[in-house]
Amino acid sequence: MGNSKSGALSKEILEELQLNTKFTEEELCAWYQSFLKECPSGRITRQQFQSIYAKFFPDSDPKAYAEHVFRSFDANSDGTLDFKEYVTALHMTTAGKPSQKLEWAFSLYDVDGNGAISKNEVLEIVMAIFKMISPEDVKHLPDDENTPEKRAGKIWAFFGKKDDDKLTEEEFIEGTLANKEILRLIQFEPQKVKERFKEKEKKP
């Protein structure tokens, strides 16, 4: 009946995603069709998510990072993402508002999901980020952040925490909004991610 362009994507989900993301109805419908081709069940597994992520970063090893991203968006911890969770993941990692991105970043760094971040958790995510940075780009990093250990230590020092301290979500968001250096250090150059997405969209 009526406009079937969106296939099986319900009007409610379409409207909710348009409201919560910057994506247009056309983009969402096109992505839904390709999502169903890749995942006929309407759900994407961790392995499928990793392989899609790998296509965006063919010259690096995004497996560990993709696994953490997947975990942070698997809202009900069932080991799969539905289309809504998948699009939210794309939006938050490429175009979300700063406060939204930081809420997501906190859940990314809170590896064990206990509501606080430890220095070891920061190191775990930073190590995953480093696997996505080309060796050539690593050469150009400042001396005090050219290894995962140095970068994690620098982030922790900016928050003024001792090695065995924990970081709450409020502290994480407030500290990062107040210090652009922390923001730069905790993320994997989102501009490069955006460029990769645009390149993929242009290719037939």
| said: Any residue that is open to solvent by 30 Å² or more (accessible area, probe 1.4 Å), modelled with pLDDT under 90, not in a strand (DSSP E or B) and not small (G, A, S) - is there at least one of those in region 108-124? | reply: no
| note | In region 140-157, residues that are in a helix (DSSP H, G or I) and open to solvent by 20 Å² or more (accessible area, probe 1.4 Å) total 8
| query | Can you name every residue in region 158-177 that is over 20 Å from the mean Cα position of the chain (by Cα) and exposed (fewer than 12 other Cβ atoms within 10 Å of the Cβ)? | reply | G160, K162, D163, D164
| field | Unmet requirement for P58, which otherwise passes all of (1) open to solvent by less than 80 Å² (accessible area, probe 1.4 Å); (2) over 18 Å from Q187 (Cα atoms); (3) not in a helix (DSSP H, G or I) | value | (1)
| remark: In region 79-106, residues that are open to solvent by 10 Å² or more (accessible area, probe 1.4 Å), under 22 Å from E121 (Cα atoms) and either modelled with pLDDT under 90 or hydroxyl-bearing (S, T, Y) (or both) total 8
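The values are calculated or read from the model by the stated rules, or taken from the named source; none is laboratory data. From a predicted model like this one, the values you see are computed outputs, not experimental measurements. With ideal geometry, Cβ positions are generated from the backbone for all residues, glycine too; neighbour counts draw on all protein chains shown. We work out accessible area using only protein heavy atoms, side chains counted, and drop any ligands, DNA or RNA first. Shrake-Rupley method; radii C 1.70, N 1.55, O 1.52, S 1.80 Å.
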